[in-house]
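Below is one structure, written out as structure tokens, with a few remarks after it.
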Amino acid sequence: MDAQALTFPPQMSGEAVTSDPLEVAVLRAVKGCDAGLVTYRITSDRVGAALVFAPEVPLSDAMAMLPLCGVGFQNALGALAPPEVAVHLDWAGGIRINGASCGGLTVMASSDQPDAVPDWLIVSFTLPLLPLGDDPGITPDETALYSEGCAEVDPGHLIEAWARHTLNWIMRWETDGVAPLHAEWRGLARGIGEETAQGDRTGTYLGVDERFGMLLRDRQATHLIPLTTLLKEAP
């Protein structure tokens, strides 16, 4: 598909870019672009897109857009890929295809203060289409979309589907609250109940709280790691 031919729902707009979609989206957001802008880039070996939000709630609540965009991505790829392809989500934004790491989601905001309403918040995804090296056996826990039986998935269609499914979840989140998103995300989450490391803590990943903060239990206590710790510093 021609990258210039992508179409988006009426509430969104698209801009094909020649550099990192996340960086371009930040520049547009700082200049005051409308919410719903999707910047995107498709190359021979990688696809990526970023979505600009204008939150009306504090950052601690707006961070739900990270798992929401992850669910939107899983729904989009799940609809386009063969039915035997399994797509799951890591708490920190990682995307798993058939159990192996395959790109991920990143979040940035104009503020890192949990109680402040940020001027903008951006969630992006990047996905390798082809393996980085000639010998995938060297990195068995990493994969690429076309290596997992998805060679027929058009990256442009994937971006369009991500936008549509994400918009659908935004509308559900606004109408029905966080409960439906919680239920959907938990069914896609990878690693709950397993030993994991996050930041400087290691323990059993028990699940998430109502704001999708990670609950991590070690020998001493159960710790809450808020989603705001995943914010990437804006350029």
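For segment 190-227, the set of residues classified as surrounded by 19 or more Cβ atoms within 10 Å (Cβ to Cβ) and under 16 Å from Leu105 (Cβ atoms) consists of Val208, Phe212, Met214, Leu227, listed by residue number.
If you check Ala92, Ala79, which single one turns out to be under 18 Å from the mean Cα position of the chain (by Cα) and more than 26 Å from Thr228 (Cα to Cα)? Step by step, each of Ala92, Ala79 is checked, and only Ala79 is under 18 Å from the mean Cα position of the chain (by Cα) and more than 26 Å from Thr228 (Cα to Cα).
For every residue, the table says whether it meets (1) open to solvent by 20 Å² or more (accessible area, probe 1.4 Å); (2) closer than 23 Å to Ala151 by Cα.
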| residue | (1), (2) |
| --- | --- |
| Ser19 | yes, no |
| Asp34 | yes, no |
| Tyr40 | no, yes |
| Arg46 | yes, yes |
| Ala49 | no, yes |
| Arg96 | yes, yes |
| Gly99 | yes, yes |
| Leu105 | no, yes |
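Within segment 179-199, residues that are at positive phi sit with their Cβ atoms under 7 Å from residues that are open to solvent by 60 Å² or more (accessible area, probe 1.4 Å), at 6+ positions apart or across chains, in these pairs: Gly199/Thr229. Keeping to segment 107-130, report how many residues are more than 17 Å from Pro55 (Cα to Cα) and either charged (D, E, K, R) or open to solvent by 40 Å² or more (accessible area, probe 1.4 Å) (or both). Qualifying residue count for the region: 2.
The values are calculated or read from the model by the stated rules, or taken from the named source; none is laboratory data. Treat the numbers as computed from the prediction; the structure is a model and nothing was measured. Virtual Cβ from ideal backbone geometry, glycine too; neighbours counted across all protein chains shown. For accessibility, only protein heavy atoms count, side chains too; no ligands or nucleic acids. Shrake-Rupley method; radii C 1.70, N 1.55, O 1.52, S 1.80 Å.
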